[in-house]
Each structure stands twice: as structure tokens, then as C-alpha cells.
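First the structure, in the form of C-alpha cells, and then the observations on it.
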Amino acid sequence: MSNNVVAPTFDVTSEELIRRAEGLRELIRAQAQEAEALGHYTDDVHEALLAQGFYHVLTPKRYGGLELDVATFAKLAVEISRGDPGSGWCYVLGHGHALTTAALWSQSAQDEVFTTPAGYFRASHSLQPGGTARKVDGGYIVNGVSPYQSGVPYSTHATLSVILEGEDRGGFPAFLQVLVPEGQFEIVDDWGGDAIIGMRASGSNSVRVAEQFIPEHYAIELDWLGELEKSTSPGAVLHDNPMYLGVAQTFLQTELVAVIVGAARAALDEYEVLSRTKASALPPRAPRIEDPGHQHDFGAAKARTDSAEAILLHVAHRYAEQNEAAVRGGIPFTRKADVENYGMLLQAGELASQAVEILFRSAGSSAAKKGARIERYYRDVSMYRTHTSSQYDALAQRIGAVNFDVITSVF
């Protein structure tokens, strides 16, 4: 087809994809322990996700993708993470950057990176500075080691945040976000197994780049915390879709919280199995499903999980409306609106995390043994709680400061 537009790779509805995700749950759940040892989900899961369209959900139609909405992606993330949260994190943080890349990079870059020999585009991306770029004719020479590149296994690209040598912006370093193609970066063996307490299957390895030439159009200078309002982007124009406006905090936190809601759903599933097969520890001994204490704990966890998912999907729909209003309605997407969304998602993550913690405490010591499912879910949620963007109390204060116009960003 002309003008770099390719024929659609898949033709499937959101509803059908969600059914497919539900159908993959047991496959994903069965490989969870192996995935922890590997540091990422297995080849069987990778092939199933690819074959059934999950690597094309957010990819623009221009490049053969489905170009479905963020709410659909959030629902899929919950379902995949319900199978295994670590595998869900690996999927979400790899594929989710199809949206940000389509939003923020130029057409010339997108025409190349979205049409890979692999037949799909996936990119890990760490905003933590992890290297340097030196300007040369036609591009940059990039060096560095970038940590926490979640989803990098099976990815076609790694996106690094690097300092541009010899440049500053008012006394601060100039940062570039650089797309590095597969074959020009090395995945460091520093994830999985006992290297970390949780999210061991998330593929959050470091990547190493050594003296690699990266063309100029693969790099953008992005001050994502300095944009007080946003009403257009390269992707919104190129794809004629407001979804590709590229507002950072709302979408990033949607990805993370969807995984934790999935972890809470997974913990509820396992707790119900235990409740139907085990007796209560204290007399009068009876099946746990008949014990008021276990009924209470399940109910408390379920209410939190249901509320967390409702918040997640509300924000996803609100985000779509805000993007539409910004691009087509002349109402810019403000930093304050982004932070409001972030605050709701932060609350959803807190509720889902609490749900898993309630079930872990209530499930009994046998469920805390190595290899037990609730033990894994508890470790995965504990890892989420260490993430900068999940620091509930500290960030709640900063959300207040944004609303008082004292600061402009929670970070």
C-alpha cells in the first residue's frame, strides 16, 4: 500500500480480545513459576499473545495494528495479570510503549520501527537516566546501562533516557529519549530467579548499549514534567486519533495499576480455592467457606478489588474524553487534570494492594510457602509498592500541592 500504510494484521473486537485473554488465563498461570525463574514469561505464552493479537492492541492501524482504546488495554492487562502478575507486567510494559512511541515520535521514525521483521513492535522504556548521547553527523553515538527496562524480553526496541553531551537547558542537563533497535543493545542477566523479591517474571532487566549509532529521527527531547498543558502531538496528527496525544502520568499509572488489580483478582481466585478445600484453623473447625472470619476477609478484599477496577476503568474512559477534548474540542489537557487522574489511580493501586495483603494474612502459613500462588502475588504486590509512582502517602501530599498551585507535578 502507498504512503507506508500497511494492511491490517488483525481484525478482532475488544470484546473478543477480552474473551481470548480469559481463555489464556490457565496457560499463563501454569507457567508462572517457570517464568519467575526465567525472568519473563515463556515462549509458549509469547507465541500465544502474538498469535491472538495482543501485541497489536495499541499499534496504529496505519501499521497493521488494532488501535483499540486504553480502556480495552486496561481490561486486557487485568485479565493477563490475573493469570500471573509478573507476566502481566512484562506484557503491559512492553506493548504499552506502542502508544507512547506512536504519540511522540515522528512519522519517519514510526514508519521504520513499526514495520519490523518480527511482525510487531514492542519497546521497553525506562525514564531513569541510563546513559549518554554524543552528537555526530546524522545522529548520535549512544552509550549506557539502563536499568528496569520492563518488558524487554521479546521486545524489538529498547528506549533509553540519556543525557545529551555538551548541552544544557538553563543549567540542567538536556535529556533525549532514544529508540535503540534489537541487535544494538544487550539484555543484562540481572532479573528473575532470586535476584529480586517480586515481579520476577516482569522482564525488568537492564540493557547495555555500547558505542551504537542511532539516527537523529530515533531521538526526541522530551520534558514530560514541564508540559503544563497539551493539545496536540505528532501522533495525534499522524493517526488522526486523540488517543495518541501522549500524556504521560495517566497512561503510565494505568498500566501499573491494571497489573495490580489483576494480582488482586488472582489472589481472590486462589483464596476461594483454599476456602473450598481447607478447614478453618480454630474450633469449631469447619470448611473455610462457612467460617465468618474467612467470609469477612474475602468480602473485604473483593470490595477493594471491585472498587479498584471501577476506578481504573473510570479513569481510562475519562482519559479518552480528555484527549478528545484537547485535540478536537480546544480544551487543553492540563497538568492538573493529569495529576487528578494519577491520584485516582494511586488510590486504586492502594485498594488492590490492600486486598492482596488481607488475603495473604488470612490464607494461612501453608499459603506463604515458596511456590504457593498467594505467596507469589504478595511478593509481586510488594514489589509494586516499592515503585516510585506508588508511594501513596508522599504522593498524596504532592497531589495536594499541585491543586494548591504550589507545584506543577507530583514528581
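What the table shows:
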{"item": "Fraction of accessible area attributable to carbon and sulfur, segment 210-284 (%, probe 1.4 Å)", "result": "57"}
{"item": "Mean separation of Cα contacts under 8 Å (6+ apart) over length of segment 1-125, as relative contact order %", "result": "29"}
{"item": "Taking the chain and dividing mean pair separation by its residue count, relative contact order in percent (alpha carbons under 8 Å, at least six apart)", "result": "16"}
{"item": "Cβ crowding within 10 Å averaged over residues, with 215-222, 367-374 ranked highest first", "result": "215-222, 367-374"}
{"item": "Per-residue ³J(HN,Hα) for segment 244-254, Karplus 6.51 cos²θ - 1.76 cosθ + 1.60, θ = phi - 60°, Hz, x for Gly and Pro", "result": "8, 5, x, 7, 7, 5, 4, 5, 4, 6, 4"}
{"item": "Burial order of peptide ranges 247-253, 130-136 (average beta-carbon count within 10 Å, highest first)", "result": "247-253, 130-136"}
{"item": "Phi to ³J(HN,Hα) by Karplus 6.51 cos²θ - 1.76 cosθ + 1.60 over segment 257-273, Hz, x for Gly, Pro", "result": "5, 4, 5, 6, 4, x, 4, 5, 4, 5, 5, 4, 4, 5, 4, 5, 4"}
{"item": "Tail beyond 18 Å, pair distance distribution of segment 108-152 (Cα, percent)", "result": "50"}
{"item": "Accessible area in square angstrom per residue, the chain, 1.4 angstrom probe", "result": "41"}
{"item": "Gaussian network model of the chain, springs between alpha carbon atoms under 10 Å - residue of V92, V259, V237 with greatest fluctuation", "result": "V237"}
{"item": "Estimated vicinal HN-Hα couplings, Hz - segment 14-29 in sequence order (Karplus 6.51, -1.76, 1.60; Gly, Pro = x)", "result": "4, 4, 5, 5, 5, 4, 5, 4, 4, x, 8, 4, 6, 4, 5, 5"}
{"item": "Cα shape, segment 134-181, gyration tensor, a/c 1.5 rule", "result": "oblate"}
{"item": "Cα gyration tensor, segment 1-139 - rounded (a/c under 1.5), prolate or oblate", "result": "oblate"}
{"item": "Fraction of accessible area attributable to carbon and sulfur, segment 65-119 (%, probe 1.4 Å)", "result": "50"}
{"item": "DSSP bridge orientation in segment 47-184 - percent antiparallel, rounded to nearest 5", "result": "70"}
{"item": "Prolate/oblate/rounded label for the chain (Cα gyration tensor, a/c 1.5)", "result": "prolate"}
{"item": "Where labels lie 7 Å past Cα in the beta-carbon direction, separation of R276 and S365 in nm", "result": "2.8"}
{"item": "Amide H within-cut-off set for S126, under 5 Å, with H built and near neighbours excluded", "result": "T159, S161"}
{"item": "Order by protection proxy (mean Cβ within 10 Å, highest first), peptides 39-52, 195-208", "result": "195-208, 39-52"}
{"item": "Cα pair distances exceeding 23 angstrom across segment 245-372, given as percent", "result": "44"}
{"item": "For segment 29-92 and segment 214-293, distance of Cα centres in Å", "result": "13"}
{"item": "Dipole of the chain, positive end: most advanced residue of A109, A133, G53 [Cβ charges, Cα centre]", "result": "G53"}
{"item": "Dipole magnitude of segment 1-133, debye to nearest 20 (Cβ charges: Lys/Arg +1, Asp/Glu -1, about Cα centre)", "result": "260"}
{"item": "The chain - mean residue ellipticity at 222 nm from DSSP helices (-39,500 (n - 2.57) per run, n ≥ 4, rounded to 500)", "result": "-15500 deg cm²/dmol"}
{"item": "Given charges at beta-carbon only (K, R positive; D, E negative), |dipole| of the chain in Debye", "result": "1060"}
{"item": "Angle between the chain longest axis and helix 392-403 axis [Cα atoms, degrees, rounded to 10]", "result": "50"}
{"item": "Computed label-point distance, nm, for sites E216 and D240 using a 7 Å Cα→Cβ extension", "result": "3.0"}
{"item": "Cα-centred dipole magnitude for segment 310-352, charges only on beta-carbon of K, R (+1) and D, E (-1), debye, nearest 20", "result": "120"}
{"item": "Farthest toward positive dipole pole in the chain [+1 Lys/Arg, -1 Asp/Glu at C-beta], among S366, F333, G193", "result": "S366"}
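The values are calculated or read from the model by the stated rules, or taken from the named source; none is laboratory data. No experiment lies behind these values; they were computed from the predicted model shown. Because the Cβ atoms are built from the backbone with ideal geometry, glycine has one as well, and the counts that use them run over all protein chains shown. These accessible areas exclude ligands, DNA and RNA; they are computed on the full protein's heavy atoms, side chains included. Shrake-Rupley method; radii C 1.70, N 1.55, O 1.52, S 1.80 Å.
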